[in-house]
Amino acid sequence: MAIGTLNESSLHSMLKRWYCERLREQAPGVVIRTEVPRDGYVIDIVAGDELIELQTANLGKLRPKLDCLLPDASVRVLYPIAVERVLVGARTGAAKRRRSPQRGQLIDVLDELVSLPRYLARQGFALEVLLIREEVRRSWNPQLRRRRGGWQTDDRSLLEVLGRYRLETPDCLWSLCEQPPRGDFDTADLAAALNGSRAAGQKLAYCLRALELIEPVGKSGNAVIYRRRQPSESANR
């Protein structure tokens, strides 16, 4: 059974409430329900015939649930990325607020998408990224000094939703690039197209290969060289 409302973080419950409000604004005649049992799971939001799951981390954990639900329903997965964080906490005395230097970006979705890229080719599946500002409440724990610098996260809460971005077909992955590479390319070229790290380019290459949108055509030193498949080639495989 999926987690229920008693175990939700503040971020999860606040995003769910925010999203339900947006659904009611966009489709006032659609019945919106939350925490709906179905096939041994609990669905976060049901909007008409669509099932909506909110996952704040570890998208790969949704695979069994998606495999159960997708054959008979449309499933939209919501995944938040914090482009700005406000940290609240103090070692002693009153809690202080400060802006975290860490800033997320849309391409961070690749960190999670590598665990389920083939679902973008499944009928009825969509992944919607929510770009947010969040507040992170922390407390000082000396036992975590070596691993986490001494701080532990107690809760996360929503401050603002800044944008929404939907991925629902394999080709949507190319839209993460500012300018998709032409001709032959390697993961460094993909990283440049993403305006991101080499690791981001490698993750995009993994997803594109899993969806049969690119194929390896050779090597240059240790770098694998790829080429985009034509639509007819991908469709026939």
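The values are calculated or read from the model by the stated rules, or taken from the named source; none is laboratory data. Everything numeric in this text was worked out from a predicted model, so none of it was measured. Cβ atoms come from the backbone with ideal geometry, glycine included; neighbour counts cover every protein chain shown. Heads up: the accessible areas ignore ligands, DNA and RNA and are worked out on the full protein's heavy atoms, side chains in. Shrake-Rupley method; radii C 1.70, N 1.55, O 1.52, S 1.80 Å.
So between Glu212 and Arg38, what do we pick up on full extension, going 0.36 nm a residue minus the alpha carbon distance?
59.4 nm
Once you have the Cα-Cα distance between Glu160 and Gln179, take 0.36 nm times their residue separation minus that, and quote the gain in nm to one decimal. All intermediate terms of the calculation are to be shown ahead of the outcome.
Working: separation 19, 0.36 × 19 = 6.84 nm, distance 2.91 nm.
The Glu160-Gln179 span can extend by a further 3.9 nm.
Identify all aspartates and glutamates with a Cα-Cα distance to Lys16 below 18 Å; exclude those on the same chain that are fewer than 8 residues away in sequence.
List returned: Glu8, Glu25, Glu35, Asp44, Asp49, Glu50, Glu53, Glu128, Glu134, Glu135, Asp155, Glu160.
Whole percent per 5 Å bin, from 0 to the bin with the longest distance: what is P(r) over all C-alpha pairs of region 148-237?
3, 12, 19, 20, 13, 10, 8, 6, 6, 3, 0
Report the far tail of the P(r) of region 157-198, meaning the percent of Cα-Cα pairs longer than 11 Å.
Value for region 157-198: 70 percent of Cα pairs lie more than 11 Å apart.
Rounded to whole Å and ordered largest first, report the semi-axes of the equivalent ellipsoid of region 62-181 derived from its Cα gyration tensor (root of 5λ).
34, 17, 13
If we count every other residue with Cβ under 13 angstrom of Arg198's Cβ, Lys/Arg +1 and Asp/Glu -1, where does the sum land?
-1
Give the aspartates and glutamates reachable from Lys219 as a straight Cα distance under 13 Å; neighbours fewer than 8 places away on the same chain don't count.
Asp184, Asp186
Given Cα pairs under 8 Å that are at least 6 residues apart, what percent is the relative contact order of the chain? Don't jump to the answer; show the numbers that get you there.
On the way: 427 pairs, mean separation 34.5, N = 237.
For the chain, the relative contact order is 15 percent.
Whenever you get a sec, compute what percent of the accessible area on region 81-213 sits on carbon and sulfur atoms (1.4 Å probe). Please list the in-between numbers first.
On the way: 3060 of 7200 Å².
Summing carbon and sulfur atoms, their accessible area is 42 percent of the total for region 81-213.
Please compute the length gained on full extension between Glu168 and Glu50, using 0.36 nm multiplied by the number of residues separating them and subtracting their Cα-Cα distance. All intermediate terms of the calculation are to be shown ahead of the outcome.
Numbers: separation 118, 0.36 × 118 = 42.48 nm, distance 1.40 nm.
Here the answer is 41.1 nm.
Report P(r) for region 121-180: all Cα-Cα distances, bin width 5 Å, range 0 to the bin holding the largest distance, values in whole percent.
4, 14, 14, 13, 12, 12, 12, 11, 7, 1
Step by step: find N for the chain, compute 2.2 N^0.38 Å, then divide the Cα radius of gyration by it. What's the final number?
1.14
Using a Gaussian network model on the chain with a 10 Å cutoff between Cα atoms, which of Glu21, Glu128, Glu212 fluctuates the most?
Per the Cα network of the chain with a 10 Å cutoff, Glu21 tops the list.
How many nm separate the modelled label positions at Arg63 and Ile225, each set 7 Å beyond the Cα in the direction of the Cβ?
3.3 nm
Can you figure out the FRET efficiency of Arg198 with Val30, using R₀ = 35 Å and their beta-carbon distance, to the nearest 0.05?
Plugging the Cβ-Cβ distance into 1/(1 + (r/R0)^6) gives 0.20.
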